[in-house]
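What follows is a set of notes on a single structure, which appears directly below.
The values are calculated or read from the model by the stated rules, or taken from the named source; none is laboratory data. Fair warning: this is a prediction, and the values are worked out from it, not measured in the lab. Cβ placement follows ideal geometry from the backbone for every residue including glycine, while neighbour counts extend to all protein chains displayed. Ligands, DNA and RNA are stripped out before the accessible areas are found, and what is left, the full protein with its side chains, is counted by its heavy atoms. Shrake-Rupley method; radii C 1.70, N 1.55, O 1.52, S 1.80 Å.
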Amino acid sequence: MFRQLADLLRDRIAAGDLAPGASLPSELRLAQEYGLSRTSVRQAIALLRSEGLVIVKPPRGTFVRAVEPTETVRLRKGDTATARMPTPAERRELETGEGIPVIVIFRADGSREVYAADRIRVGP
């Protein structure tokens, strides 16, 4: 059941019914409106959070995540890139939410750069 609620909320976000920065209804209200347990509502929100669609700001509530502007990071000859989940320190440093991977660029000169994956494009 929680997946169906997550699908519904995801569709509302994609359609713009829930705009970036908008507050989602409370867990209690969602549970009552859709006839679900609060546990199911929490699972749906956790799924959307892991996808990077919402952020939870206790005790204020759950909000639709704003789309971050992207920049292009160029790969040069000999550079490689990989994706992974960030460490807690990287998440704090990059100020990114749970569920957002990082792109790690390994430069040919031995240096390393870490970017939040939702804010960059990697190009030649």
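Short-range pairs are left out: with C-alpha atoms under 8 Å and at least six residues apart, the relative contact order of region 1-117 is 21 percent. Helical content of the chain, expressed as a calculated mean residue ellipticity at 222 nm, amounts to -10000 deg cm²/dmol (DSSP H runs of 4 or more residues, -39,500 (n - 2.57) each, divided by residue number, nearest 500). Pairing the Cα long axis of helix 38-50 with the longest principal axis of the chain, what angle in degrees results, from 0 to 90 and rounded to the nearest 10? It is inclined by approximately 20 degrees. Compactness check for the chain: Cα Rg over 2.2 N^0.38 Å is 1.27.
Quantify, in whole percent, the carbon and sulfur part of the accessible surface of the chain (1.4 Å probe; protein heavy atoms only). Display every interim value, and only then the final one.
Numbers: 4000 of 7710 Å².
Carbon and sulfur atoms account for 52 percent of the accessible area of the chain.
Relative protection proxy for 86-93, 99-106, from highest mean packing down: 99-106, 86-93 (other beta-carbon atoms within 10 angstrom). How would region 30-91 be classified by its alpha-carbon gyration tensor: rounded, prolate or oblate, with rounded meaning a/c under 1.5 and the a/b versus b/c comparison settling the rest? Prolate is the answer for region 30-91, as a/c is 1.5 or above and a/b outweighs b/c. Along the positive direction of the dipole of region 5-50 (beta-carbon charges: Lys, Arg +1; Asp, Glu -1; about the Cα centre), which of Leu8, Ala44, Leu18 reaches farthest? About the Cα centre, the residue reaching furthest to the positive side is Ala44.
Leaving out ligands and nucleic acids, and using a 1.4 Å probe, what accessible area per residue does region 21-108 come to in Å²? Could you put the intermediate results ahead of the total?
Details: 5370 Å² over 88 residues.
Solvent-accessible surface per residue comes out at 61 Å².
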